[in-house]
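To start, the structure itself, in structure tokens.
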Amino acid sequence: MAQASLTIRMDNSDKKAFADICKSMGLSVSEAYNVFTKAVIRNRKIPFEIEAQEDDGFYNPANIRHLEEIKKLEEQGKLKFITKTLEELEELAK
């Protein structure tokens, strides 16, 4: 079977931690990646669940607080939303 090389980039501390864990299981990093690759090929999916953390993306706690502040200002009448057409916005940009 022909062999191929694969180069990946990762944080140095992650690489060391991963290599140490692999070593404790009697595997090299290369062997561990081969086990992972074979599992992906066999199952036709990543062999574990990948999901975003609760505070990732738009709905993180800081954004929620900011949106709540905007809503409060709008309810108090201290905020006014203005609708402009694209042409009006282009004219303002001049």
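About the Cα centre, and with charges only on the beta carbon of Lys, Arg (+1) and Asp, Glu (-1), how big is the dipole of the chain? Nearest 20 debye, please. Intermediate values should be presented prior to the final figure.
Numbers: 15 positive and 17 negative charges, 110 e Å.
For the chain, the charge dipole is close to 520 debye.
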Relative packing of peptides 2-9, 26-33 - highest average C-beta neighbours within 10 Å first: 26-33, 2-9
Heavy-atom accessible area ranking, 1.4 Å probe, most first, across 25, 10: 25, 10
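Which FRET efficiency value, to the nearest 0.05, is calculated for residue 19 and residue 60 with the Förster distance at 30 angstrom and r the Cβ-Cβ distance?
Numbers: r = 32 Å, r/R0 = 1.08.
According to the calculation, E is roughly 0.40.
The values are calculated or read from the model by the stated rules, or taken from the named source; none is laboratory data. Computed from a prediction, not measured in an experiment: that's the story for all the values here. Positions of Cβ are backbone-derived with ideal geometry, glycine not excepted, and every protein chain shown enters the neighbour counts. Protein only, heavy atoms only, side chains kept; ligands, DNA and RNA dropped before computing areas. Shrake-Rupley method; radii C 1.70, N 1.55, O 1.52, S 1.80 Å.
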